[in-house]
Amino acid sequence: MSDDPRRRVPRTDAVLADPQVADALARHDRATVKATVTAAQQQAREGTISPDEVVAATLAALPTRASSLTPVLNATGVVVHTNLGRAPLSPNAIQAVTDAAGYVDVEMDLTSGVRSRRGAATLDALRAAVPEAGDALVVNNGAAALVLATTALAAGREVIVSRGEMVEIGDGFRLPDLIASTGARLREVGTTNRTHLRDYAEAVTDETGCILKVHPSNFWLGGFTSDVSLTQLRKAGLRVPVVMDLGSGLLAADRALPDEPDAASALRDGADLVTASGDKLLGGPQAGIVLGDADLIHRLRRHPLARAVRVDKLTLAALEATLAGPGTPVTDALHARADDLLPRTRRLAETLGREVVAVDGRVGGGGGPGVPLPGWAVEIPVATVPRLRRPEGEGVAVVARVDDGRGLVDLRCVPPASDDDLARALRAALAAPTAADTKPDA
Ligand SMILES: *Cc1c(COP(=O)(O)O)cnc(C)c1O
């Protein structure tokens, strides 16, 4: 009688009949599951695993999520982290996305059964949030809002921009190139550090499509500088539309960010249109928001390009829910006080036998360059940081920060409900031997 383990490798239909594998069949394509079973059987035949482990190996090899995007805990202290998907959605917004995922009445009035205005409730919510705006429009992202505004108002004509506001938004994308792509001509005025009202006044001609003001959200200028405010432009009565690119997406002033412009103030001060992102300080989904003069918004909405940058139903749903409140994870993280972060940070440090250090969090790609957000972090070895990102086994992925030769775990952007998961992940990563540990102590 032979006890060759290769003979005991379970048959495919037996593996597929296992309750957990059957469960996985509901979530994965049948061919994927079968190929995974075949691979596990092969391992058993080769003796790398025992025949009893075929089911477990199949389950372990199947992707645990339907998409390859891996959820992470953001322990960087950077609130709007572009590489980590910017704003995490609020529970309400997540629910709204789920509700909107199937067939929904995004463009139908269920009472009459006829077509209705797409996303009307979201636009109403924006107008309610910014009463200074005559109308609102939502497009795919902030850059699309800016391109649509300059195209609709100035294609074939001139857009006047101060040289102090010629920004690169990130990843090599530059404002002058974006504007050039619309077929509008850029008319630069002033100098890098100083632009005066007369610079604008002298540049306005019959060829002017609009004046564009851009909030330099990722840098700040100091020293011998001057720029022209919206109020000054309004008082000058230049008779051309003024578009303000806010970037950050603050709808109303926020005391935590005194220098950050907001949509309501910009419209009050004289901007005819403002454009902003949905997934920065607003804390919602990726979107571009345009607010302001109803006639100008009408021109944007009717422009053919508007159809190409149209926003989907999931975004409309998430944005409406974000605006309905209460609060967002971004506002919570932004306003988290050092005093409130300290007890959580101490608890984590004590369970790990580590030190608490004072650190400054950052607003991030969303704005407030140079605005420190005072808080605390647990200091860890730099060598542990990559291990936290790629945990072994079930643990959650954690992105910590490296600063000045130290690994830092900042709880500002970690939901308190995830503190235990974070502690487990840190314990596992700290316990694993690192190259540094094997070196003799200096
Ligand atoms: C972020 C930003 C943009 C681009 O917005 P996206 O939503 O990323 O497309 C444009 N202008 C300014 C000033 C910004 O800060």
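The values are calculated or read from the model by the stated rules, or taken from the named source; none is laboratory data. Bear in mind the structure is a predicted one, so any value in this text is a computation, not a measurement. As a convention, Cβ positions derive from the backbone with ideal geometry for all residues, glycine included, and neighbour counts pool all protein chains shown.
A few points about this structure:
Okay, residues lined up against (1) part of a loop (DSSP other than H, G, I, E, B); (2) surrounded by 13 or more Cβ atoms within 10 Å (Cβ to Cβ); (3) at pLDDT 90 or above:
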position: S2; (1), (2), (3): yes, no, no
position: R6; (1), (2), (3): no, no, no
position: P10; (1), (2), (3): yes, yes, yes
position: V15; (1), (2), (3): no, yes, yes
position: L25; (1), (2), (3): no, yes, no
position: V33; (1), (2), (3): no, yes, yes
position: T36; (1), (2), (3): no, yes, yes
position: Q43; (1), (2), (3): no, yes, yes
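- Answer residue from region 229-241, given it is among the aliphatic types (A, V, I, L, M) and out of contact with any Cys (no Cβ under 7 Å at 6 or more places or on another chain) and is surrounded by the fewest Cβ atoms within 10 Å (Cβ to Cβ) among those: A236
- Matching entry among P369, P416, P381, P343 (being touching a Ser or Thr at 6+ places or on another chain (Cβ under 8 Å), farther than 21 Å from E260 by Cβ and in the same structural domain as T76 (by TED's automatic domain parsing)): P381
- Criterion violated by T150 - all others in (1) out of contact with any Cys (no Cβ under 9 Å at 6 or more places or on another chain); (2) within 24 Å of R302 (Cβ to Cβ); (3) within 16 Å of the ligand (Cβ to nearest atom); (4) not in a loop (DSSP other than H, G, I, E, B) satisfied: (1)
- Number of residues in region 134-147 that are within 16 Å of the ligand (Cβ to nearest atom) and in a loop (DSSP other than H, G, I, E, B) equals 2.
- Condition met for G395 (within 16 Å of the ligand (Cβ to nearest atom), surrounded by 13 or more Cβ atoms within 10 Å (Cβ to Cβ), in contact (Cβ under 8 Å) with a residue 24 or more places away in the chain and part of a loop (DSSP other than H, G, I, E, B)): no
- Matching helices (runs of 4 or more DSSP H) fully within region 273-385 where at least 2 residues are over 24 Å from I94 (Cα atoms) and within 16 Å of the ligand (Cβ to nearest atom): 304-308
- Against the conditions (1) small (G, A, S); (2) closer than 30 Å to A358 by Cα; (3) out of contact with any Pro (no Cβ under 7 Å at 6 or more places or on another chain), S90 satisfies every one except (3).
- If only residues of region 161-182 that are charged (D, E, K, R) and within 12 Å of the ligand (Cβ to nearest atom) are counted, the one that is modelled with the lowest pLDDT is D171.
- Evaluation of R268 against (1) in a helix (DSSP H, G or I); (2) within 16 Å of the ligand (Cβ to nearest atom); (3) of a type outside the set (A, V, I, L, M) (one fails), failing number: (2)
- Qualifying residue in region 183-196 (condition: within 12 Å of the ligand (Cβ to nearest atom), at pLDDT below 95 and in contact with a helix residue (DSSP H, G or I) (Cβ under 8 Å, 6 or more places away or on another chain)): no
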